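Here you go, one structure.
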Amino acid sequence: MRAAASISNFGGNISFTPRHRYCPRSEDEVVRILDRHRDGTVRVLGAGHSWNGGIETADALVDLRHLARVRVQGNRRSVTAGAGVRIGALLKHLSKWGLTLPSIGLIDRQTVAGAAATGTHGSGRHSMSHYVESMRIACYGRDGKARVRTVDSGSALRAARCSVGAMGVVLEVTLPCVPQYYVRERSVWRRDLDAVLAGEGKAPLQQFYLMPHAWTWLVHERSVADESRRTGGAALYRLYWLAVIDVLLHLCVKFSASLMRSRRLVHLLYRRLLPAFIFPRWRVTDRSDRQLLMRHDLFRHLEMEAFVTREHLAAAVDLVVEGLRRADERGSYVHHYPICIRRVLPDDTLISMTSCHGIDEQDWYAISLITLTEPREPFQRVAAALAARLSSLFGARLHWGKWFPPGGAGVERGYPGLGEFEATCREFDPQGVFRNRFLRRVLLRRK
């Protein structure tokens with residue numbers, strides 16, 4: 001057990017000091033920790049790359065960094081990873097076998113267990129939660145004693161795939177792996193949302209951005225390449241993207257929006273400067289675990305992400321644009337970051353953001369709002385108002401790993417599988433040891 005110290009998340013908006021912090025090296029040690037704190041509150045620390053209070057506890061915090069074993073199964077069709085393994089380390093391990101994961105998010109800094117627990121996703125595929133084949137979870141029995149359970153089927157698996165830490169301490173996760181594949185990409189401007197969506201057939205992995213104040217659409221057209229080799233100056237493209245987008249764009253945003261606090265400079269950045277650095281004719285092919293990742297984690301920020309179904313996407317985007325324009329005109333908030341939108345296929349889960357449990361299967365679109373400025377209250381006021389309207393009008397769901405406004409934004413209305421999820425949580429945690437203040441506020445409101 002480590003001495004208690006203040007814990008902060010990546011975004012810097014969450015800070016707390018648990019009475020006890022543990023770094024167990026075995027499953028047996030985790031079980032002993034749970035037995036010791038059966039009358040308290042236990043939460044797990046992953047990479048801390050979340051913007052809500054999911055990791056907060058005044059009692060026991062468990063850091064699983066030492067549970068980092070990776071085992072590729074003999075048939076090379078699945079991989080079992082300890083809960084503390086970072087996504088990037090897992091991808092690197094799989095690449096030695098000529099393998100990768102079926103779905104990769106924007107960044108690779110999260111832990112495997114944390115990514116699954118919050119429904120981490122990329123674009124054009126299901127979230128990582130959907131692909132979980134089994135989990136080993138340290139939890140409690142009806143007698144109140146801690147134990148380890150393997151979850152690999154039925155309602156329990158659908159609940160565990162995305163559980164926000166409410167079922168117990170995930171010890172390891174088994175995921176399918178696929179042969180390494182290459183992705184072909186180019187960045188192009190589109191006139192409107194209809195033109196963007198029309199390109200999904202040829203570029204099913206595409207993600208796209210609505211540029212604030214110019215209100216133009218930039219699309220990363222992405223598809224699986226026919227050949228498994230790098231083309232189009234892939235190494236130079238990766239350097240260009242890192243330097244121009246991951247670093248220079250962020251520095252320009254920080255300068256115009258944070259340092260100068262200039263509405264005019266922010267407008268100029270998106271209306272004039274950024275378009276000059278996009279090269280639509282540059283087509284490049286690279287390995288999936290290079291092409292699908294970005295480095296927006298280089299700069300501390302706060303993010304809220306709302307999911308809507310395809311039928312509501314256009315109206316939801318119009319609502320977001322209207323809200324941001326009004327705030328800009330009033331001078332109360334100047335939005336300064338591209339609005340990223342990604343398509344995510346329906347998940348076989350109970351409460352991941354694209355779960356279609358109890359409803360017709362349909363694709364979902366994640367609308368991401370990010371701020372790099374501080375103080376963050378102006379952004380939070382606008383984001384909270386947009387979340388409330390998106391939820392009430394379109395049944396929007398908020399990302400479990402991103403910022404949540406006060407109130408929970410209608411979680412009960414959004415998830416038909418919530419009752420089944422709550423029942424499963426009570427089976428694994430009869431006394432509510434894993435339910436912290438955040439979970440009681442937005443998800444599990446009963447003891």
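The values are calculated or read from the model by the stated rules, or taken from the named source; none is laboratory data. Model, not experiment: these values are computed from the prediction. Glycine gets a Cβ as well: all are built from the backbone with ideal geometry, and neighbour counts include every protein chain shown.
Picking from Ser103, Ser134, Ser123, which residue would you name as being without any contact (Cβ under 8 Å) to a residue 60 or more places away in the chain and over 28 Å from Gly432 (Cα atoms)?
Every option except Ser103 fails the conditions.
Further, regarding this structure: Only one of these conditions is not met by Ala388: (1) within 21 Å of the chain's Cα centre (by Cα); (2) part of a helix (DSSP H, G or I); (3) surrounded by 18 or more Cβ atoms within 10 Å (Cβ to Cβ); (4) small (Gly, Ala, Ser). Which number is it?
(3)
Looking at Ala203, Ala156, can you tell me which residue is within 24 Å of the chain's Cα centre (by Cα) and in the same structural domain as Phe421 (by TED's automatic domain parsing)?
Ala156
Name the single residue, out of those in the range 198-215 being out of contact with any Ser or Thr (no Cβ under 8 Å at 6 or more places or on another chain) and free of Cβ contacts under 8 Å to residues at least 40 places away in the same chain, that is farthest from Ala314 (Cα to Cα).
Across the range 198-215, the extreme among qualifying residues is Gly201.
Among Val320, Val334, Val308, Val344, which is the only one that is crowded, with 19+ Cβ neighbours inside 10 Å and either free of Cβ contacts under 8 Å to residues at least 40 places away in the same chain or farther than 25 Å from Gly105 by Cβ (or both)?
Step by step, each of Val320, Val334, Val308, Val344 is checked, and only Val334 is crowded, with 19+ Cβ neighbours inside 10 Å and either free of Cβ contacts under 8 Å to residues at least 40 places away in the same chain or farther than 25 Å from Gly105 by Cβ (or both).
Only one of Ile55, Ile87, Ile33 is hydrophobic (A, V, I, L, M, F, W, C), at negative phi and in contact with an Asp or Glu (Cβ under 8 Å, 6 or more places away or on another chain); which?
Selected residue: Ile87, the only one of Ile55, Ile87, Ile33 that is hydrophobic (A, V, I, L, M, F, W, C), at negative phi and in contact with an Asp or Glu (Cβ under 8 Å, 6 or more places away or on another chain).
Here is a further query. When you look at Leu239, is it more than 23 Å from the chain's Cα centre (by Cα), over 21 Å from Ile339 (Cα atoms) and not in a strand (DSSP E or B), yes or no?
Yes.
What number of residues in the range 277-336 are more than 20 Å from the chain's Cα centre (by Cα), of a type in the set (A, V, I, L, M, F, W, C) and assigned to a strand (DSSP E or B)?
1
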